[in-house]
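Down below is the structure, laid out as structure tokens.
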Amino acid sequence: MRVPVIAGNWKMHKSSGEAVSLARAVRTGTQNGTRCQVVLAPPFTALAAVSGEIKGTPMILAAQNVYWEPKGAFTGEISVPMLQDIGCGMVIIGHSERRQYFGETDATVNRRVRAVLNSTMQPIVCIGESLAEREAGKHHSVVSQQLAGGLDGLTGQDLLRIILAYEPVWAIGTGRTASPETAQEMHGLIREWLSGRFGKEAQEVRILYGGSVKSENIDALMLKPDIDGALVGGACLEAESFLRIIHYQS
């Protein structure tokens with residue numbers, strides 16, 4: 001059984017004080033239990049503060065990025081051991097904004113994934129097509145290529161530790177959301193690709209949807225058989241809206 005995941009990607013928002021307040025509100029709103037794993041991904045500067053706030057709860061702390069080398073002269077980067085030391089259990093890898101603005105590629109995603117898999121953390125690996133690629137009918141091939149590159153050289157056992165997040169770039173922060181049917185079609189394609197490459201382990205992989213997820217559409221999305229949760233952006237920055245998503249109805 002695939003346990004759903006609702007992950008909040010705070011992106012470049014929240015000071016340490018604001019982060020603690022938000023984490024505390026989410027902690028209070030989930031203290032009676034949830035049907036899903038709740039993941040908080042604050043910016044690097046707030047990781048330590050949020051780690052302290054959610055310690056002892058089922059919530060999982062995640063980073064938004066990581067470098068593949070364990071240490072060295074890599075100014076501005078953060079290593080796997082550093083994230084583990086501060087209490088992270090997961091890390092987002094290959095988000096479309098990292099690919100678009102900071103030149104990340106399938107090859108560098110793969111290096112990050114391999115580094116995280118050598119730790120106790122789990123990677124949340126992001127894939128998804130742009131609007132131009134979808135309109136050109138290339139969305140299937142683009143996502144397949146991202147899967148092939150990002151998961152290159154991994155085994156079925158490696159796959160069991162990976163969470164995937166399908167995030168159509170054209171729906172991130174735009175207010176445009178893939179319909180539940182469109183999202184399910186792509187999630188089904190992803191699982192089919194994984195089955196062909198890895199076999200039976202594909203049925204255990206959790207695939208999240210990301211792209212303007214909000215309280216108004218989470219219920220319909222979570223009804224789909226291959227949608228195992230959500231990677232939430234803007235709607236996770238306010239406790240009320242994020243808690244409504246966490247406590248989805250289906």
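One table, with the values for the structure above:
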item: Selection from segment 105-132 of residues that are open to solvent by 20 Å² or more (accessible area, probe 1.4 Å) and closer than 21 Å to G8 by Cα; result: T120, Q122
item: Test for W10: is it within 17 Å of Q122 (Cβ to Cβ) and of a type in the set (F, W, Y); result: no
item: The lone exception for A235 - which of (1) within 25 Å of G29 (Cα to Cα); (2) outside any helix (DSSP H, G or I) it fails; result: (2)
item: Among (1) without any contact (Cβ under 8 Å) to a residue 60 or more places away in the chain; (2) open to solvent by less than 10 Å² (accessible area, probe 1.4 Å); (3) in contact with a helix residue (DSSP H, G or I) (Cβ under 9 Å, 6 or more places away or on another chain), the one test that H187 misses; result: (3)
item: For Y209: the one exception among (1) modelled with pLDDT of 95 or more; (2) in a helix (DSSP H, G or I); (3) surrounded by 14 or more Cβ atoms within 10 Å (Cβ to Cβ); result: (2)
item: Any chance I92 is aliphatic (A, V, I, L, M), in contact (Cβ under 8 Å) with a residue 24 or more places away in the chain and not in a loop (DSSP other than H, G, I, E, B); result: yes
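Let's see how each residue does on (1) farther than 21 Å from P123 by Cβ; (2) open to solvent by 40 Å² or more (accessible area, probe 1.4 Å); (3) touching a helix residue (DSSP H, G or I) at 6+ places or on another chain (Cβ under 7 Å):
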residue	(1), (2), (3)
R161	no, yes, yes
A171	yes, no, no
E181	yes, yes, no
R191	no, no, yes
K200	no, yes, no
Q203	no, yes, no
N217	yes, no, no
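The values are calculated or read from the model by the stated rules, or taken from the named source; none is laboratory data. Every value quoted in this text rests on a predicted model; they were computed, and no experiment measured them. We place every Cβ from the backbone using ideal geometry, glycine too, and count neighbours over all the protein chains shown. Ligands, DNA and RNA are stripped out before the accessible areas are found, and what is left, the full protein with its side chains, is counted by its heavy atoms. Shrake-Rupley method; radii C 1.70, N 1.55, O 1.52, S 1.80 Å.
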